[in-house]
Structure formats: structure tokens, C-alpha cells
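Asker: The structure's right below; bear with me while I get my questions together.
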Amino acid sequence: MAARTKTTAKPRPAYRCTECGNVVPKWVGRCPECNAWGTVEEYGAVPIRTTAAGPVSSPAKPIGQIDGQVATARSTGVPELDRVLGGGLVPGAVVLMAGEPGVGKSTLLLDVAAKAATAQHRTLYVTGEESAGQVRLRADRINALSDHLYLAAESDLGAVLGHIDTVNPGLLILDSVQTIASAELDGAPGGPAQVREVANALIRVSKERGMATLLVGHVTKDGQIAGPRLLEHLVDVVLSFEGDRHARLRLIRGVKNRYGATDEVGCFELHDEGIVGLADPSGLFLTRRDKPVAGTCLTVTLEGKRPLVAEVQALMVDSQIPSPRRTTSGLESPRIAMILAVVERHGGVKLGKQDIYTATVGGVKLTEPSADLAIALAVASSSTDTPLPNNLVAIGEVGLAGEVRRVTGVQRRLAEAHRLGFTHALVPPDPGKVPPGMKVVEVSDIGEALRAIPGRRRASAKPKADGAAGSAAAPAPRQSTRQPARQAPVAAYPDELMEGWEPVDSDELI
């Protein structure tokens with residue numbers, strides 16, 4: 001039985017935005033969808049309709065009787081992408097991947113298209129930005145060729161739906177959703193109305209056929225996904241592709257995932273032959289040296305659930321200008337300013353007339369507070385030209401009162417550091433279970449952390465040799481009025497590492 005529709009006698013006027021096509025019940029000066037001013041105009045009367053109950057497509061069942069096997073994820077052939085997706089692509093899922101131009105979205109998805117294509121599950125790659133010949137050249141370069149991978153260059157939504165009917169793919173990749181337009185709507189491709197119509201049509205087809213769909217999305221200059229915000233609500237998974245174009249590292253983060261967690265991160269390396277996944281990317285963030293260098297310290301950061309060992313560096317030089325420079329790369333400037341103030345106030349390190357440069361290695365961006373202690377130690381190490389041990393990592397958040405606070409996942413971070421060969425760590429109090437064979441020093445404030453830094457042993461004054469006959473004897477050494485002997489070296493450092501070193505107090509770091 002068809003649904004019964006009841007129409008009221010008195011219609012009301014409707015208003016539509018001439019820019020994006022959004023319909024609003026009353027006139028407004030600014031369109032709530034595209035935020036354009038003066039584009040809302042009255043276009044006619046729309047009757048008010050109310051829909052009565054109608055037939056259902058399938059009866060409701062208890063959730064325990066629903067077959068979950070139809071939603072089993074299938075691997076994409078790229079383990080790092082599977083990690084972020086929660087195991088792979090679910091049939092009927094629609095995934096939106098957005099990133100800056102040149103970050104490697106098309107290269108990665110072309111590789112996924114070739115590896116996921118099988119005789120039972122064909123792959124259809126539709127490009128709206130390049131010609132078919134250009135995509136073939138890239139496929140030759142990255143060796144992404146398969147007999148079951150179909151390629152089409154289209155910019156019309158109707159043509160894309162026609163290719164889907166012909167090929168009947170198990171995976172559809174559309175590059176990009178902003179370049180496809182529907183002939184049924186006015187407006188240029190990429191407009192809010194066009195993006196909404198294209199997304200709705202592809203989502204409907206994907207759900208009906210059980211076809212997984214990967215959509216490539218553009219971003220604005222602020223890093224947000226271009227187009228209406230509704231697009232992120234319509235799709236099942238939203239992935240953010242990040243990376244510095246001057247570095248090799250690329251990261252995929254899950255922003256939204258209806259089939260898994262959003263705290264996983266996939267790591268990739270971009271090179272001339274394409275893009276490959278990195279199961280152990282910590283080596284990209286470390287500098288291999290034979291001897292320790294002053295001003296460097298290692299820490300363990302968490303990217304989602306994945307621990308990564310990263311290196312922070314600090315360089316201090318005498319300033320030649322009245323206002324010393326404070327330059328950062330890969331670190332947050334406000335956070336660095338706070339750490340420098342804490343080190344100077346509670347650590348006794350004078351920084352006022354020094355140009356300070358802080359950076360990370362390998363293009364990684366550290367935003368979580370667990371790197372605070374490593375940054376503070378790197379600054380103190382650079383100020384005294386005192387290298388830190390090579391096998392030491394520092395983990396902890398530094399507060400304004402100089403305290404070292406606990407951070408999440410300390411045990412996971414220590415386990416990763418131990419796996420990579422690090423044997424000693426400076427951590428906040430109560431770190432939990434420590435990996436066997438790893439020595440941990442608990443520090444409660446920045447002063448304790450700086451006192452744990454081994455300092456170069458100053459050469460003691462040797463007595464002068466006896467001179468010629470008749471020379472006066474050397475005067476007896478004066479009794480020192482200083483406090484008694486220094487404290488013994490920190491037991492956490494091995495003897496072979498502590499040879500030629502001794503602990504220093506915070507006042508000696510000035």
C-alpha cells in the first residue's frame with residue numbers, strides 16, 4: 001500500500017539560496033549553509049506535506065538475529081591503512097580521505113586499487129582531475145597494475161553511475177568528490193549543493209550493492225575538509241592524510257570511524273617509487289651518532305595507540321639583538337615558551353640573553369605534553385654543552401610550578417623504548433610496571449631532573465713540579481669553605497657510561 005500524503009490548503013512561500021541551493025522556511029540575510037550574504041530569495045510557494053505510515057522494506061528483528069558476517073571487513077592490501085580502518089574495508093562502507101595537495105592521496109589510493117582488485121572483487125578507479133593516460137603513467141611508476149583494475153576519467157555523476165553498472169565493482173575510488181557534478185543541479189562542481197548530491201547518490205549506490213567506496217576530498221587553507229559539513233556526517237569513515245611536503249613521513253589519522261576506533265595512526269614513507277607503509281617508523285625520527293651531542297634528548301610520544309621514539313633538539317647561542325630569538329620547528333611555540341620559563345625559574349638556567357632554537361628530527365610534530373621533560377633536558381644540556389647519554393629517554397609533562405606530572409601510556413612508552421634498545425629512562429613518579437632489564441629514574445620536579453644530568457668532570461689543579469734548588473716550597477693548600485663533597489653519580493646510569501662524569505646541581509647549570 002502506497003504512503004498516504006495529505007496536503008494543506010494554504011501553502012507557504014519558500015526561500016532558496018542562489019549560491020548553494022539551500023532551502024529555508026523564511027528569509028534570512030545570510031545563508032546558513034554556505035554563509036553567503038544576500039543570496040536568499042523567494043522562489044515560490046511550497047505546500048506543507050505530512051506523510052502517513054506506509055509499508056516497510058523489511059520487518060524489524062532482534063539484534064541478536066541480525067547476520068553480522070555481511071559486514072566483515074576485507075583487507076585493502078595495505079596493512080597500515082587497514083590498521084586505521086579497523087581491519088579493512090567493510091562492504092557498503094563509504095570512506096572520505098582528505099589532505100593537502102601533493103601529500104600523496106592519489107598515489108596511495110592507486111596502490112590500494114591495484115592490491116585490492118581480484119577476480120571476485122573488481123576495482124573501479126574514477127578520476128575527475130587527471131586523464132586516463134596520466135593515471136596510467138603513475139601506475140607504471142609505482143607498479144600498480146592489475147587485470148581487475150578498471151580506470152575511467154569522468155566528471156559527470158550520471159557517467160560514473162553508468163560505469164558502476166557496467167563494471168559492477170567491489171571497490172570504487174573517486175578522485176575527487178569535488179570534481180564530479182550532476183547535470184540535474186545548477187552550479188559548478190565543488191559547490192555545496194553539487195557535493196551533497198554526488199555524495200548522496202554514491203552512498204545510496206554503495207549501500208544497495210554492498211560496494212565499498214573511497215572518496216578523495218579537498219581541504220581549505222585552514223586544513224578543514226572543503227564543502228558542506230554535511231559530507232562528514234553522511235560518510236561512514238573520515239580519514240585525514242597529513243605530512244610535510246619537505247619530509248618523507250606521511251600520517252593517516254582517523255577522524256571518524258563507525259567500524260572501529262579513531263585512535264589509530266598509519267605511517268607511510270613517500271619516495272620516488274611511490275608510497276610504502278612503515279611498520280616501525282621510529283627510525284625516521286632519530287639521528288644516528290657515534291658519540292652523544294649536547295642539546296639533544298629522546299622521548300616517546302603516542303600517535304593514537306602507537307608509541308614512537310622521537311628526538312628533540314635545542315641550540316643556544318649568545319644573542320646579538322636586544323630581543324633574543326625563540327624559534328621552533330615541529331613544536332608548539334606557546335608550549336616552548338612555558339617550558340623555557342619553568343627551566344629558568346625552577347631550574348636555575350639563565351636564558352634571558354640567549355637565542356634559543358628548538359626542533360624535532362624527521363619532520364614529526366610533537367603536540368602532546370609528554371615531550372616537555374625531554375625539551376627541558378635538551379635546553380639544559382645545550383646551555384652547559386653537556387651531552388646526555390645515548391641510551392636515555394625522558395617522558396613527562398612539566399607544570400608551571402616545576403613539577404613533573406604523569407602522562408598516559410607510560411608503560412607502553414617504556415616498552416617501546418626497551419624494544420628499540422634504550423636501557424634508561426627519566427619518568428614521573430609511579431610509572432607502573434617497568435620492562436625487565438630497564439632502569440628507571442623517577443623525578444618529581446624539574447630540579448631533580450636537572451640534577452640527574454651527568455656533567456663533565458672538571459680537571460683538578462695538579463701541583464706544580466719541584467723547581468730548581470733554592471725555590472720556595474709550594475704553599476699548603478687552603479681549606480675549602482664550600483659544602484662537603486658532591487653526591488655520588490646517579491645509580492641509574494651504568495658505570496661505563498658514567499666514567500668521566502659527575503652529577504651537577506642546578507645552580508651550576510647557570
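The values are calculated or read from the model by the stated rules, or taken from the named source; none is laboratory data. Keep in mind that this is a model prediction, so the values were computed, not measured. No Cβ is skipped: glycine too gets one built from the backbone with ideal geometry, and neighbour counts run over all protein chains shown. Quick note on the areas: whole protein, heavy atoms, side chains included, nothing else; ligands and nucleic acids left out. Shrake-Rupley method; radii C 1.70, N 1.55, O 1.52, S 1.80 Å.
Asker: Pop out the ³J(HN,Hα) list for the range 254-266 in order, Karplus 6.51 cos²θ - 1.76 cosθ + 1.60 with θ = phi - 60°, rounded to Hz; leave Gly and Pro as x.
Answerer: Listing the rounded values in order: x, 8, 8, 8, 7, 10, x, 7, 10, 9, 9, 10, x Hz.
Asker: Past 24 Å, Cα to Cα: identify those pairs from 291/433; 256/365; 105/221; 256/433, in the order given. Kindly include the intermediate steps, with their values, before the conclusion.
Answerer: Numbers: 291/433 31 Å; 256/365 21 Å; 105/221 17 Å; 256/433 33 Å.
From the list (291/433; 256/365; 105/221; 256/433), the Cα-Cα distance tops 24 Å for 291/433; 256/433.
Asker: Going Cα to Cα from residue 350, which aspartates and glutamates come in below 20 Å? Please leave out same-chain ones fewer than 8 positions away.
Answerer: Straight-line reach from residue 350, under 20 Å: 318, 372, 385, 403, 445, 448, 505, 507, 508.
Asker: Hey, if we sort 37, 27 by accessible area with the 1.4 Å probe, largest down, what's the order? Can you show the working numbers first?
Answerer: Working: 37 180, 27 145 Å².
From most accessible down to least: 37, 27.
Asker: What residues have an amide H closer than 5 Å to that of residue 74, excluding those fewer than 5 places away on the same chain, when H is modeled at 1.01 Å from N in the peptide plane?
Answerer: 89, 90
Asker: Another one. From the protein chains alone at 1.4 Å, what is the descending order of accessible area for 246, 233, 271, largest first?
Answerer: On the way: 246 165, 233 115, 271 65 Å².
Of 246, 233, 271, the descending order of accessible area is 246, 233, 271.
Asker: What are the ³J(HN,Hα) couplings of the range 292-299, residue after residue, when phi is run through the Karplus curve with 6.51, -1.76, 1.60 and θ = phi - 60°? Round to Hz, x for glycine and proline.
Answerer: x, 10, 5, x, 10, 8, 9, 9
Asker: Find the accessible area per residue for the range 208-316; the probe is 1.4 Å, ligands and nucleic acids are left out, and the unit is Å².
Answerer: Working: 4920 Å² over 109 residues.
Normalised by residue count, the accessible surface of the range 208-316 is 45 Å².
Asker: Check residue 255: other-chain or 5+ apart residues with amide H under 5 Å from its amide H, H built from backbone geometry?
Answerer: 238, 239, 240
Asker: If you keep only loop residues by DSSP, which GluC sites (Glu not before Pro) in the range 233-280 have at most 14 other Cβ atoms within 10 Å of their Cβ?
Answerer: Numbers: sites: 242, 264, 269, 273; in loops: 264, 273.
In loop regions of the range 233-280 (DSSP not H, G, I, E or B), the sparsely surrounded GluC sites (Glu not before Pro) are 273.
Asker: Rounded, prolate or oblate: which one fits the range 79-224, using the alpha carbon gyration tensor with axes a ≥ b ≥ c (rounded when a/c is under 1.5, else prolate when a/b beats b/c, else oblate)? It would help to have the intermediate numbers written out before the result.
Answerer: Details: a/c = 1.34, a/b = 1.20, b/c = 1.12.
Cα axes put the range 79-224 in the rounded bin.
Asker: Work out, step by step, the length gained on full extension between residue 67 and residue 259: first 0.36 nm times the residue separation, then minus their alpha carbon distance; give nm to one decimal.
Answerer: Length gained between residue 67 and residue 259: 67.6 nm.
Asker: If amide hydrogens are placed 1.01 Å from N in the peptide plane, which non-local residues have theirs closer than 5 Å to the one on residue 99?
Answerer: Under 5 Å from the amide H of residue 99: 217, 219, 241.
Asker: Right, something else. Filter the trypsin sites (Lys or Arg not before Pro) in the range 377-437 to those in DSSP coil with at most 13 other Cβ atoms within 10 Å of their Cβ, and list the result. Don't jump to the answer; show the numbers that get you there.
Answerer: On the way: sites: 405, 406, 412, 413, 419, 433; in loops: 406, 433.
For trypsin sites (Lys or Arg not before Pro) across the range 377-437 that sit outside H, G, I, E and B with at most 13 neighbouring Cβ atoms in 10 Å, the list reads 433.
Asker: Kindly provide the GluC sites (Glu not before Pro) of the range 130-229 that DSSP labels as loop, not H, G, I, E or B, and whose Cβ sees at most 16 other Cβ atoms within 10 Å. If you can, show how the numbers build up before the last one.
Answerer: On the way: sites: 130, 154, 184, 197, 208; in loops: 130, 154, 184.
The qualifying sites are 130, 184.
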